[in-house]
Ligand SMILES: [Zn+2]
């Protein structure tokens, strides 16, 4: 059984989305970190993921990543199994043309958090190996102007399919050019959001349900544009991954249902730390705080 995908089914209605938290940690820009702890998380040369596991992805159902996979990526043990997702998602029952939900946290009492990765400039192949190895659930919010460069959307397709067994990670909308939408006209906002909806639908065969405004900045025109192009939920965040640890919108630790913002970043942006080392640091902190990682799409 996979720690990330198993768990007893439980009928629990999802409460209304959103909390009244007004503070929002700036996204998509800061990389500073208060901690000087040495990051880790690279697989050692003698146990690279492919060499050590041969074919680590059985591909059917919800097979578990083995404990050795976690150790390879600098993690002591697999995380606790996530709770069973609720019977009813926050967006269930929405009709075409309904205003999108605004979601900063998932309403739950369970010690589960949700990972999101933004923008898409850095395309570290090691992160694909890590995501496959750990069958890591996360949601990607992609900005076309950076996501399409280099290996392009093919890279994110690999990450979408990383869990294996037909389980997919979310590929969602983060505009075309990453503007501060509050500075744009309603028409320009619609172009930023709807064009990226079209681009992602064409590339991945599915219209994104989720949208994240760059920097978390939006206004009424943003919501109207998102609604017009089929967005079900505007997803914000409560915790932001830096290099070694997270910063929190409230308090000094994770809370149940927190959505964690991270970015596709490499050593240049992370002061020498790699993407996978940053993710290892994030998973360690989540585990240390007694939390596990859930799949946002199971709730939203
Ligand atoms: Zn961004």
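See the values below:
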| read-out | value |
| --- | --- |
| Filter result for residue 58 (touching a helix residue (DSSP H, G or I) at 6+ places or on another chain (Cβ under 6 Å), assigned to a loop (DSSP other than H, G, I, E, B) and at pLDDT below 90) | no |
| Selected residue (criterion: surrounded by the most Cβ atoms within 10 Å (Cβ to Cβ)) from residues of the range 161-197 that are in a loop (DSSP other than H, G, I, E, B) and at positive phi | 175 |
| Residue ID - nearest to the ligand (Cβ to nearest atom), chosen from residues in the range 70-101 that are under 25 Å from residue 176 (Cα atoms) and in contact with a helix residue (DSSP H, G or I) (Cβ under 8 Å, 6 or more places away or on another chain) | 100 |
| Test: residue 269 is within 16 Å of the ligand (Cβ to nearest atom) and in a loop (DSSP other than H, G, I, E, B) | yes |
| The one condition in (1) surrounded by 22 or more Cβ atoms within 10 Å (Cβ to Cβ); (2) under 19 Å from residue 282 (Cβ atoms); (3) in contact with a strand residue (DSSP E or B) (Cβ under 7 Å, 6 or more places away or on another chain) that residue 130 fails to fulfil | (3) |
| Residues of the range 101-127 that turn out to be within 19 Å of the chain's Cα centre (by Cα) and part of a loop (DSSP other than H, G, I, E, B), as a count | 11 |
| Residue check for residue 114: touching a residue at least 24 places away in the same chain (Cβ under 8 Å), within 16 Å of the ligand (Cβ to nearest atom) and under 27 Å from residue 247 (Cβ atoms) | no |
| Residues of the range 198-217 satisfying the condition of being surrounded by 22 or more Cβ atoms within 10 Å (Cβ to Cβ) and either more than 16 Å from the ligand (Cβ to nearest atom) or in a loop (DSSP other than H, G, I, E, B) (or both) | 208, 212, 213 |
| Residue that is nearest to residue 179 (Cα to Cα) [pool: residues in the range 128-139 that are in a loop (DSSP other than H, G, I, E, B) and more than 16 Å from the ligand (Cβ to nearest atom)] | 137 |
| Meets criteria (closer than 13 Å to residue 264 by Cα and either out of contact with any strand residue (DSSP E or B) (no Cβ under 6 Å at 6 or more places or on another chain) or more than 14 Å from the ligand (Cβ to nearest atom) (or both)) for residue 188 | no |
| Residues satisfying the stated conditions in the range 140-160, i.e. surrounded by 18 or more Cβ atoms within 10 Å (Cβ to Cβ), assigned to a loop (DSSP other than H, G, I, E, B) and either away from the ligand (no atom under 16 Å from the Cβ) or more than 16 Å from the chain's Cα centre (by Cα) (or both) | none |
| Residue within the range 224-232 that is under 30 Å from residue 125 (Cα atoms), away from the ligand (no atom under 16 Å from the Cβ) and surrounded by fewer than 19 Cβ atoms within 10 Å (Cβ to Cβ) present | no |
| Some residue of the range 279-288 being outside any strand (DSSP E or B), at pLDDT 95 or above, closer than 25 Å to residue 91 by Cα and in contact with a helix residue (DSSP H, G or I) (Cβ under 7 Å, 6 or more places away or on another chain) | no |
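The values are calculated or read from the model by the stated rules, or taken from the named source; none is laboratory data. Worth saying up front: this structure is predicted, and the values here are computed from it rather than measured. Cβ coordinates were reconstructed from backbone atoms using ideal geometry, including for glycine residues, and neighbour counts include every protein chain displayed.
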